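All of the numbers you see were taken from the coordinates with simple rules; none came from a lab. Please read all numbers here as calculations on a predicted model, not as lab measurements. Cβ sites come from the backbone with ideal geometry, for glycine too, and all protein chains shown count toward neighbours.
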Amino acid sequence: MIRVLIATSNPGKLRDFAGAAAPLGIEVAPLPNFDSIPTAVEDDLTFEANARKKAEYYSTFVPGEIVLADDSGLEVDCLGGAPGVHSARYAAGQPHLVGNNSDDQANNARLIRELKKNPAKERTGRFVCVIAVARDGKTLNAFRGQAEGLLLDSPRGSGGFGYDPLFYFPSIQKTFAELTPEEKAQYSHRGAAFRQFLDWYLTKN
C-alpha cells in the first residue's frame, strides 16, 4: 500500500484526505512526530504561497520523503472574499496575526453575524484548497481545488469541521457537515485538490 505523509495534526483534515485516498488503496498519515516540530509560519497572502511554505519547511524533517501540506479556507463573495487566508482565525481580535487562531464555534458565530447584513441570494462563496508537494525543502508541484456553494445563517449537520455546518452544496442539498468523509471527498475542495495530486503522483511512480 502506498503511504502519503501529510503535514498536519488537524483530525478534520486527516479525515478528509483519508476519505479521498481510501478508494484508491492509499494510506494517509501525519508526518512522524509532527507535534514536536516547531510550527511553520503561515504569513503569506495566498493559499498557494502558504501551502508551499509549509510543504517545503516540513519536508526537511523527513529527508527523501514526499510531504503534502495544504492551505485552505472559505471565500464569501458578499464579504469581499473574507475570511480567506484568515479562515482559521476569523473570530480573533486581530485575525491577521499568525498563530492567533480561534475555535470553530467562534469563527462560525462571527460569519453568521456578518452574513445577516446580506440577503440569502447574495451569500455565495467557495471553499478553496491548495495542496503543495515537497521533498527535501523544494516544492515539486501544487494543486488547487474549490467547491462553490451558499452560506447558511444557521448550522446544519454534526460532521466535518470549520465552516462545514454553514456551507450548503446546492447540487446535493446538504451542508458539508451532513456528509460522510467519503461523500465529502467526492464534492469538497480538499478532495478535488487531492485527486489532482494522486493523478500526478501515480503517473510519477
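Over the chain, dividing the summed -39,500 (n - 2.57) contributions of all DSSP H runs of at least 4 residues by the number of residues returns a 222 nm mean residue ellipticity of -9000 deg cm²/dmol. Rounded to the nearest Hz, the phi-derived 3J(HN,Hα) couplings of the stretch 5-18 under the Karplus curve 6.51 cos²θ - 1.76 cosθ + 1.60 (θ = phi - 60°) are 8, 10, 7, 7, 10, 6, x, x, 5, 4, 5, 4, 5, 4, where x marks glycine and proline.
What is the helix-to-structure angle for 189-204, meaning the angle in degrees between its Cα long axis and the longest Cα principal axis of the chain, kept from 0 to 90 and rounded to the nearest 10? Once rounded, the angle reads 20 degrees. The C-alpha atoms of the chain define a longest principal axis, and helix 47-59 lies at about 30 degrees to it. Counting only Cβ charges, +1 for Lys and Arg and -1 for Asp and Glu, the dipole size of the stretch 2-204 around its Cα centre is about 220 debye. Ranked from largest, the principal axis spans of the Cα set of the stretch 54-155 equal 51, 27, 21 Å.
Pairs of lysine residues in the chain that meet both criteria, 8 or more places apart or on different chains and Cα atoms under 23 Å apart, total 13.
Please report, in cubic angstrom per residue, the volume enclosed by the convex hull of the alpha-carbon atoms of the chain.
111
Given the convex hull over the Cα atoms of the stretch 1-75, what projected area results after averaging over all orientations, in nm²? It would help to have the intermediate numbers written out before the result.
On the way: hull surface 22.1 nm².
If you wrap the Cα atoms of the stretch 1-75 in a convex hull and average its projections, you get 5.5 nm².
Applying 1/(1 + (r/R0)^6) with r as the Cβ-Cβ distance of Lys204 and Glu148 and R0 = 35 angstrom yields a FRET efficiency of 0.70. Here the spin labels are modelled as points 7 Å beyond Cα on the Cα-Cβ line, and at Arg126 and Ala106 they lie 3.0 nm apart.
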